[in-house]
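Trainee: Quick one: the structure is below, questions incoming.
The values are calculated or read from the model by the stated rules, or taken from the named source; none is laboratory data. Small disclaimer: the values here were computed from a predicted structure and weren't measured. As a convention, Cβ positions derive from the backbone with ideal geometry for all residues, glycine included, and neighbour counts pool all protein chains shown.
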Amino acid sequence: MEKAASFYFHGSLNDFLPTCSKNKPVPYGFSGAPAVKDAIEAIGVPHPEVNGILVNGEPVDFSYRLQPADRVEVYPAGTVKQWLEHDAVQAPLPVTPAFILDVHLGKLSKSLRLLGFDTLYQNDYTDGAIAQLASEQHRIVLTRDVGLLKYKSIKWGYWLRSQHLEEQLTEVLSYFRLASKFNAFSRCLICNSPIAPVPKATVLTQLPPKTMLCFDEFYQCPTCQRVYWKGSHYERMQEFIERLKQD
C-alpha cells in the first residue's frame, strides 16, 4: 500500500514547481522509507538550493527517512531562521568562492573572471565532468540545467533563473553575496589564469600599432599569453563594475 507525505516549499524553491503547486502543500506518495533528499529531488527541487528541512516541526538532514503522514517544510539557502544556524543541511561555502559553469554560460564565465573570480568553463564539458571537477576542486556549480544540480557529488550550486547575461550576473552576486569580494581585472578572460604586469618591451610584437604608441602599462596571461591594457574598454568595464556594486 502506498504511503503519503506532504511537502511545503518556501521562497525561491517554488521556482522549481509547476504553477499549480507553488506556495501550497505538495502531496508525495512513496513506498518503503526513502531519504527526504530523494523525495525533494523527485518533486523537482535540486538539493544544492536547499538549506533547511523541518519534518513535523523538527529539523532534519538529507538522510532522514520519510514516514507516512510526515509534514515536510523545505527552506532555501539565505532563509533567515534561527534554527538554520545549527541545522543547515548545506556545508559552509568556501571563504574564497570558485565556480564551474555549464556549457550554456560562456558569457557569464567571462564576466565572473572580469570581477576576479576563479571560474572554470569549457564548451565541451559533460555534466559528469562538471560534477567531478566541482567535487574535487570544491567549486560552486552554476547552470541552466536543473538535472545537473541533482548529481549527488555536487555540494554547492545554483540554477540561473534568467537567460540574460546582466541579470544572471546580478543573480549570482546577490545569491552568494559577492559584492565585497571583487578583484577586478586580475584574471584572464579567456583561460581564467591570474594575469601579471609585464614590461612593454616583452609584448611589443603582440600590440596593435596605436596601442604601441599610446599605452605603456601591460598585463599578460602566463598560460595563453594574451596581453591586456587599459584601453577605452577598460573605462566601460569600470562603469559596469560600479553599477554592479550599487545593485
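Trainee: What are the pairs with Cβ atoms under 9 angstrom where one residue, in segment 118-129, is farther than 11 Å from Leu189 by Cα and the other, located anywhere, is in a loop (DSSP other than H, G, I, E, B) and of a type in the set (Asp, Glu)? Sequence gap at least six, or different chains.
Mentor: Pairs found: Tyr125/Asp102; Asp127/Asp102; Asp127/Asp145.
Trainee: When you look at Val72, is it modelled with pLDDT of 95 or more, under 20 Å from the mean Cα position of the chain (by Cα), aliphatic (A, V, I, L, M) and not assigned by TED's automatic domain parsing to the domain that holds Asp145, yes or no? Step through it out loud before you land on a result.
Mentor: On the way: modelled with pLDDT of 95 or more: yes; under 20 Å from the mean Cα position of the chain (by Cα): no; aliphatic (A, V, I, L, M): yes; not assigned by TED's automatic domain parsing to the domain that holds Asp145: yes.
No.
Trainee: Counting only residues that are not aromatic (Phe, Trp, Tyr), give me the strands (runs of 3 or more DSSP E) lying completely in segment 112-229 with at least 2 of them.
Mentor: On the way: elements: 118-120, 140-143, 157-159, 196-198, 218-220.
Of the strands (runs of 3 or more DSSP E) lying wholly inside segment 112-229, those with at least 2 residues that are not aromatic (Phe, Trp, Tyr) span 118-120, 140-143, 196-198.
Trainee: Does segment 103-145 hold any residues that are among the hydrophobic types (A, V, I, L, M, F, W, C) and over 25 Å from Ser180 (Cβ atoms), and which are they? Walk me through how you get there before you give the answer.
Mentor: We begin by selecting, within segment 103-145, every residue among the hydrophobic types (A, V, I, L, M, F, W, C); these are 103, 105, 108, 112, 114-115, 117, 120, 129-131, 133-134, 140-142.
Residues satisfying the conditions are Val103, Ala129, Ile130, Ala131, Leu133.
Trainee: Can you tell me which of (1) at pLDDT 95 or above; (2) touching a Ser or Thr at 6+ places or on another chain (Cβ under 7 Å) is the one Gly44 doesn't meet?
Mentor: (2)
Trainee: Which pairs do you get when a residue that is within 22 Å of Met212 (Cβ to Cβ), found in segment 229-243, comes within reach of a residue that is outside any helix (DSSP H, G or I) and aromatic (Phe, Trp, Tyr), reach meaning Cβ atoms under 6 angstrom, with the pair 6+ apart or on two chains?
Mentor: Trp229/Phe215; Trp229/Phe218
Trainee: Continuing with the same structure: Which condition does Gln67 not pass, out of (1) touching a residue at least 24 places away in the same chain (Cβ under 8 Å); (2) of a type outside the set (A, V, I, L, M); (3) surrounded by fewer than 18 Cβ atoms within 10 Å (Cβ to Cβ); (4) in contact with a strand residue (DSSP E or B) (Cβ under 7 Å, 6 or more places away or on another chain), if it passes all the others?
Mentor: (4)
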